Amino acid sequence: RDPPVLAGIGAGAGIGLLSGLTGTGGGIFLSPLLIFAGWAHPKASAGVAAAFILGNSLAGLAGRGVALGSLPASLPLYAGAVLAGALVGTQLAITRPSTFLLRALGLVLAIAGLKLVLNL
């Protein structure tokens with residue numbers, strides 16, 4: 001179901017604040033929020049978060065290109081790795097039950113939490 005407009009605006013502002021404070025991408029906060037609030041099922045949440053992360057990444061690359069006048073030379077290698085990971089992840093999301101996605105999300109959140117707490 002769609003979130004109420006004010007709740008969506010508040011959630012977006014909160015995600016932006018948390019992302020800025022922690023130095024992490026907003027997608028790590030978006031997926032759990034969508035699931036916990038009942039705004040999306042795990043598979044839909046994964047798709048929304050992937051699109052969100054792609055948009056943020058493209059904006060970051062554009063900003064770097066404008067600010068520095070160039071992009072990293074290894075960008076094609078990273079883009080290939082992202083594409084390969086997206087294909088494997090999509091295949092797993094399609095063929096596995098939602099509980100698999102929830103466990104995978106839990107693992108990612110645990111790793112992100114440890115990195116934040118331990119300053120890695």
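The values are calculated or read from the model by the stated rules, or taken from the named source; none is laboratory data. Owing to the predicted nature of the structure, the values given are computational and were not obtained by experimental measurement. Keep in mind that these areas ignore ligands, DNA and RNA; they rest on the heavy atoms of the full protein, side chains included. Shrake-Rupley method; radii C 1.70, N 1.55, O 1.52, S 1.80 Å.
Any idea of LYS115's accessible area? Nearest 10 Å², probe 1.4 Å.
100 Å²
On average over all directions, what projected area in square nanometres does the chain have, based on the convex hull of its Cα atoms?
Mean shadow area of the hull around the Cα atoms is 8.7 nm².
Can you tell me how the range 23-79 classifies by the Cα gyration tensor, rounded, prolate or oblate, using a/c under 1.5 as the rounded cut?
prolate
Assign one of three labels to the range 66-120, namely rounded, prolate or oblate, based on the Cα gyration tensor with a ≥ b ≥ c the square roots of its eigenvalues; rounded applies when a/c is under 1.5, prolate when it is not and a/b is larger than b/c, and oblate otherwise.
Because a/c hits 1.5 or more and a/b fails to exceed b/c, the range 66-120 counts as oblate.
Just read off the accessible area of ILE35 with the full protein assembly in place, 1.4 Å probe, to the nearest 10 Å².
The value for ILE35 is about 40 Å².
Could you do me a favour and compute the accessible area per residue for the chain, 1.4 Å probe, result in Å²?
On a per-residue basis, the chain sits at 68 Å².
Return the carbon/sulfur percentage of the accessible area of the chain, one whole number, probe 1.4 Å, all protein chains in place.
C and S fraction of accessible area: 75 percent.
Given the protein chains as shown and a 1.4 Å probe, how many square angstrom of LEU33 are accessible, to the nearest 10?
So the heavy atoms of LEU33 present about 50 Å² to solvent.
Just to be sure I understand: with springs between alpha-carbon atoms less than 10 Å apart, which residue in PRO97, PRO42, PRO76 has the highest mean-square fluctuation in the Gaussian network model of the chain?
Of PRO97, PRO42, PRO76, the most mobile in the Gaussian network model is PRO76.
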